[in-house]
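Worksheet for the structure shown next.
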Amino acid sequence: MVLVVGGAGYVGSMLVRELLNKGYAVRIFDKFYYGVRGIKDIEDRLEVIHGDMRNIDPSILKGVNAVVNVGGLSNDPTAEYNPRANYEMNVVATKNLARVSKERGIKRFVFASSCSIYDLGFRGEDVVQDEETKVSPKAVYSRSKYDAEKVLLEMAGDDFCPVILRKGTIFGFSYRMRYDLVVNTFVKDALTKRKITIFRGGEMWRPLVDISDTVRAYLVCLEASEDKVKSQIFNVSYDNYRISELAYRVREALEDIGIKIEIEVDYAPLNVRSYRVSTKKIESALGFHATSSVENSVKNMVRMINKCNYTDFLNPRYYNIQWMTLLEVVEKILKISGSIF
């Protein structure tokens, strides 16, 4: 049995599908901020527990052999909107979950971290960074991920095997779709406006990885021998791209399927992230190579968006910060009004 915390989310909803396809029994623990759409078609094949990861009942770990934590706030805007909740979910809840897992004799614990930890800023030194690079993240989100990493590594021992995946910016179709990730945003803008806008000239660097490769990386870390993964940090990325190159690759992929778009370049100064990473460690240690290109992912994304009717592009549930702020407003209203009907 694998417990996936955040199993109804953007990555989680795709990860649990692959786990089921591999024959694993899967239990998910999720607050369902974004509803159950991401797992609706497979809900009867899962054990689903609704709850807040900040309040972990040890009973949810009964019969569990491994834990994958992809829960918590998952980008800079939501982390900065409520830094306290971000810290509670990304650090405190991770620590508590790991502690209870360890007490229950669950050794394998795979944690979703982020390559944003390496952010050097637009004016920073342009270098390729690896897992041994000294980092000092400043942003609320990346700092919380780094703090959680340190907590997990301190807990490692003969009875606990934490594995940390620092993932590049993810792209690709998910049944809990997001249009607030750079490639996905480009595709959404192309389909709705027939135009892609590149900010600050698109000169910043970013490591990118398709969601299908991300899911495979989690499976590899679950199944690898302990000596290869215990207390290890692995970068996960397909390649490093300047945002400008990324936009042109998206345009080329869309043109291949008959969608013509323009690229608009905005040179206004913005405070943007920029960083490049190496993936040599995961390639040599685990034989893992990301294989899904931006172009192929974009074509698949368009096909699945249309097939699944995820074309209500303005719906706030596709944008983490918009949805969270909307939920907060609704919560305040319901405290006053009570049930709607």
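The values are calculated or read from the model by the stated rules, or taken from the named source; none is laboratory data. These numbers were taken from a predicted model, which means no experiment stands behind them. No Cβ is skipped: glycine too gets one built from the backbone with ideal geometry, and neighbour counts run over all protein chains shown.
Flag: Ala112 matches the condition of being assigned to a strand (DSSP E or B) and either closer than 25 Å to Asn320 by Cα or basic (Lys, Arg) (or both).
Among the candidates Ile336, Ile321, the residue that is closer than 16 Å to Asn184 by Cα and assigned to a helix (DSSP H, G or I) is uniquely Ile321.
Close contacts from the range 146-164, counting a first residue that is farther than 18 Å from Ala224 by Cα and touching a residue at least 12 places away in the same chain (Cβ under 8 Å) and a second that is assigned to a helix (DSSP H, G or I) and polar (S, T, N, Q), with Cβ to Cβ under 6 Å and a gap of 6+ residues or different chains, come to Ala148/Asn90; Ala148/Thr94.
Of the residues screened, Tyr141 is one that is buried (at least 21 other Cβ atoms within 10 Å of the Cβ), among the aromatic types (Phe, Trp, Tyr) and farther than 15 Å from Val250 by Cα.
Taken over the range 37-59, residues that are touching a helix residue (DSSP H, G or I) at 6+ places or on another chain (Cβ under 7 Å), more than 14 Å from Gly71 (Cα to Cα) and assigned to a loop (DSSP other than H, G, I, E, B) amount to 1.
Filtered by the rule that a residue be in contact with a Ser or Thr (Cβ under 6 Å, 6 or more places away or on another chain) and at pLDDT 95 or above, the range 306-339 gives a lone residue, Phe313. All of Ile56, Ile106 fail the test of being at pLDDT below 95, over 21 Å from Ile170 (Cβ atoms) and either aliphatic (A, V, I, L, M) or surrounded by fewer than 15 Cβ atoms within 10 Å (Cβ to Cβ) (or both), apart from Ile56. Selection within the range 15-47: residues that are among the aliphatic types (A, V, I, L, M) and under 20 Å from the mean Cα position of the chain (by Cα). The member of this set that is nearest to Arg216 (Cα to Cα) is Leu15.
Count, please, the residues in the range 33-49 that happen to be out of contact with any Phe, Trp or Tyr (no Cβ under 6 Å at 6 or more places or on another chain) and farther than 15 Å from Ser174 by Cβ.
Here is the first cut: in the range 33-49, the residues out of contact with any Phe, Trp or Tyr (no Cβ under 6 Å at 6 or more places or on another chain) are 33-37, 39-48.
So of that shortlist, the ones also farther than 15 Å from Ser174 by Cβ come out as 43-48.
The total comes to 6.
The residues in the range 141-165 that are under 11 Å from Val91 (Cβ atoms) and among the β-branched types (Val, Ile, Thr) can be counted, and the count is 1.
Just so you know, in the range 270-310 the residues that are in contact with a helix residue (DSSP H, G or I) (Cβ under 6 Å, 6 or more places away or on another chain) and under 15 Å from Val187 (Cα atoms) include one that is surrounded by the most Cβ atoms within 10 Å (Cβ to Cβ), and it is Val298.
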